[in-house]
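Have a look at the structure that comes next, please.
Since every read-out is calculated from the coordinates, none of them should be taken as a lab result. Because the structure is a prediction, the values reported are computed rather than measured. Backbone-built Cβ (ideal geometry, glycine too); neighbour counts: all protein chains shown.
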């Protein structure tokens, strides 16, 4: 967590309340940081939320979703009105009749992630592949000229 300094004293206000700072860090790790200023993604109430990496190159965006224990049949990817939705379910494996869980840390059940596509994302040509517990969604990008981006000389 970034250190916050008081404008008056220059001291770290969390220094007086170390337990409160730790609680704040735990809340962020459990529930995520505050909503971004621009709504580019939304989280919904689900049984669990898979971790996601979003990569950007000159030619494409790649969304890598960690989905261990799932198959491609367990996942649905959909694009509606510029919003990419990734949803599905991770099913719990059946336990043996004579065994009981001592500890359960793996999350199971329904998941849902939504991403608003950037302006330069091409809606055609989006592809998805599921391999080794990772879903990769590839979204082609428009060339900079096509999106209207350019340098403007200041005179």
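Counting every Cα pair in the stretch 46-93, what percent are over 16 Å apart? The partial results should precede the final answer.
Numbers: 558 of 1128 pairs.
Summing the P(r) of the stretch 46-93 above 16 Å gives 49 percent of all pairs.
Taking a virtual spin label 7 Å from the Cα of residue 52 along the C-beta vector, which residues in the stretch 69-108 bring their backbone nitrogen under 14 Å of it?
Inside the label zone: 76-80, 82-88.
Going by how many other beta carbons lie within 10 Å of each one, how would you line up 46, 106, fewest first? Could you put the intermediate results ahead of the total?
Working: 46 15, 106 11.
Lowest to highest Cβ neighbour count: 106, 46.
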